[in-house]
1. How many of the residues making up the stretch 190-219 are touching a helix residue (DSSP H, G or I) at 6+ places or on another chain (Cβ under 8 Å) and either aromatic (F, W, Y) or touching a residue at least 24 places away in the same chain (Cβ under 8 Å) (or both)?
2. Which of the residues spanning the stretch 316-366 are among the hydrophobic types (A, V, I, L, M, F, W, C), in contact with a strand residue (DSSP E or B) (Cβ under 7 Å, 6 or more places away or on another chain) and under 24 Å from H300 (Cβ atoms)?
3. With the structure loaded, tell me whether I468 is among the hydrophobic types (A, V, I, L, M, F, W, C), at pLDDT 65 or above, under 53 Å from the mean Cα position of the chain (by Cα) and not assigned by TED's automatic domain parsing to the domain that holds A533 or whether it fails that test.
4. Quick one: count up the residues across the stretch 540-561 that are under 16 Å from R515 (Cβ atoms) and either within 35 Å of the chain's Cα centre (by Cα) or surrounded by fewer than 16 Cβ atoms within 10 Å (Cβ to Cβ) (or both).
5. Kindly indicate the residue of the stretch 208-232 that is touching a Lys or Arg at 6+ places or on another chain (Cβ under 7 Å) and in a helix (DSSP H, G or I) and also surrounded by the most Cβ atoms within 10 Å (Cβ to Cβ) among those meeting that condition.
6. Which of the residues that make up the stretch 256-270 are under 18 Å from E218 (Cβ atoms) and either in contact with a Gly (Cβ under 9 Å, 6 or more places away or on another chain) or at pLDDT below 90 (or both)?
7. Provide a single number: the residues in the stretch 207-227 that are touching a Leu at 6+ places or on another chain (Cβ under 8 Å) and either modelled with pLDDT under 90 or of a type in the set (A, V, I, L, M, F, W, C) (or both).
8. Out of the stretch 615-638, which residues are touching a residue at least 60 places away in the same chain (Cβ under 8 Å), assigned to a loop (DSSP other than H, G, I, E, B) and closer than 15 Å to L563 by Cα?
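The values are calculated or read from the model by the stated rules, or taken from the named source; none is laboratory data. What you are looking at is a predicted structure, and each value in this text was computed from that prediction instead of being measured. Using ideal geometry, Cβ is built from the backbone for each residue, glycine included, and neighbour counts are taken over all protein chains shown.
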Amino acid sequence: MEIEKRILVVDDEEDLRDILQIYLSEIGYEVLTASNGREGLDVFLAERPPIILSDIKMPVMDGVEMLRQIKAQDPDAEVLMITGHGDMELAIESLKLEAADFITKPINDDVLEIALQRAAEKIAMRRQLKAYTENLETLVEAKSARLVEMERLTALGQAVDCLTTAFLDIAGDVRRGMEYFNEVPCFVSLHNRQLQVVATNQLFSDRLGDMVGRPSWEIYTGPFDNPDACPAGQTFVSGAGVRSRETIRYKDGQTYPVVVHTAPIRDSRGELELVLEISADISEVTRLQEELRTTQQRYHQLFEEVPCYIAVVDRQFRITAANRRFRDEFGEDAGPTCFEAYKQRQTPCRDCPVTATFEDGRSHQTEMMVISHDGRQRHLLIWTAPITDAAGDIRQVMEMATDVTPIRQLQDRLSSLGLMVSSVSHGVKGVLTGMDGGLYLMKTGLRKDDRDQIQEGFDIMKLMTERIRGVVLDVLYYAKERALVLETVDALSFVNELALIIEPRARKQGIRLTRRFDDLADSIVADSVALRAALINILENAVDACAADTSGRPPEIVFAARLVEDEQIEFDIADNGPGMDADTRENLFNLFYSSKQEKGTGLGLHITKTTVQQHGGHIQVTSEPGQGSRFLIRLPRRPDTRNED
């Protein structure tokens, strides 16, 4: 599905706007431009381009605020942010506000084209899913309406019983009486006790010929065992109306199936005098039923094979239908509710799009982290659409979701690398300064033949070399997972060192740090550098939590470590801070999720979880609002590294 190739470029640098306009025009885009966020927002509201390419830092209104206001007006707009060196925090904020991507200066043509292609693919997918839904609803509604209309013809029996009473009054004038049925869209005939046709309506004459005076059974292909077996004959025998399916022959020789209803007409003495026979051609109904079955099969196949997850949910959040891909990912017995299928939780999700659609009848979009039946996390982009009944009331909501996990993983990795480059730049700058000092001392010592000064300069150079090595390993850690560097570590010395590192910061905040390292006289095998950083992340978060608590309780952190069964070691870090709600606990280890707002990057606990998993361990978190938090980390004392690369 081709999208409208219009793009809005917002940047306060005129030269850059001109260059981007030339390049984007060459690859087929109609380009709109603006020099700041306020002007860009005005152009967007007036022109509604599907893609916006904007700088972050601009006068009047910056790119982040413009992004926020554009998303409030049109959540489907795809906004790509341009960042310069040092803008990474703003870039991360843009991603949290649902920016499609960010591109660093100087802009690389290939990177820009790939980002535009990804944005175009997302827009096309949204529009295609919307078109599928609208076409499905429209076609099913039209086919159902036609089927209902035709099937009304087969319900003539109810009307016949009422008509016989009126026909009794006009039976004395048969010809005049039949005129009342000329507008009826079915075959109407009147039969006497000799089983002869005595009158017909106009449609009967036009299609079946002039049958007045002919035998009642002659229009049917039969065969009947005897004349009394025809519909009119059965009514004369039983004295009651009958309903049957027969085949009639048109005057051109063609045969068609009909539903026949008969009704007895009695004289003033109550004796059966005539039989009224009404037949409806059901060939059109049969054809429409078959066409509807074919349509239902076609759309069922579309429902099953469409390359996204589809679930139909009622007002109690129960899943009433799900397509094959949904069942494959979340299990055949997914549910019975959407929040159980998606997140294995017992209560509805906060800001649920299904709830919003039931409330306002509109389609809604959200991005959500879910868990598949095999325990894997998935980023889903979810759209909802109302399903209404004939009265227009919303009975169910359809959820359509596409897996954007690979895109988010790529964004996370790029963002993570960007943050690392920013921090590494400052680290390298400090290392270079230190190396300059070491070289100066060595040069001066050589000139003065001062061995102590030479040794001092050498020691500084050695220290700076070790720091460079650490920086390089950090970069490799973010660029790709690296193997653990395992060593035998004295457990008691290790945890006491961690406590000594965190104690000064806790003491400064007035927080009591309690150690519980009883019976820890043994060693473990671990990457001490990585594990130290992981545990310090948790301890520092505990300090921040206690410092933010306003309950008036004496703040305390309990740091415990113990050896447990099955050759494992357990680190237990508990605080009596403000605690966490369910949503915070669910997202705690997600990359770039932070409850500290602008004070946190969301990297620390993600790295901690990765490190613990690399050691073959796991983390258990328990926390409730107002009850503090507890992190329980259990690791094997000697990790199995046979599967390490």
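1. So the answer is 10.
2. Hits for the stretch 316-366 are F317, I319, A321, A322, F326, A334, C338, A341, V354.
3. So I468 passes the test.
4. 1
5. Our first condition is that a residue be touching a Lys or Arg at 6+ places or on another chain (Cβ under 7 Å); within the stretch 208-232, this holds for 208-209, 219, 221.
Adding the requirement that they be in a helix (DSSP H, G or I) leaves 208, 219.
Details: L208: 21, I219: 27.
That would be I219.
6. Keep residues of the stretch 256-270 that are under 18 Å from E218 (Cβ atoms), which gives 256-258, 260, 262.
Matches in the stretch 256-270: Y256, P257, V258, T262.
7. Going residue by residue through the stretch 207-227, those that are touching a Leu at 6+ places or on another chain (Cβ under 8 Å) are 215-217, 219, 227.
Subsequent filtering for residues that are either modelled with pLDDT under 90 or of a type in the set (A, V, I, L, M, F, W, C) (or both) retains 217, 219, 227.
Count: 3.
8. Within the stretch 615-638, R637, R638 qualify.
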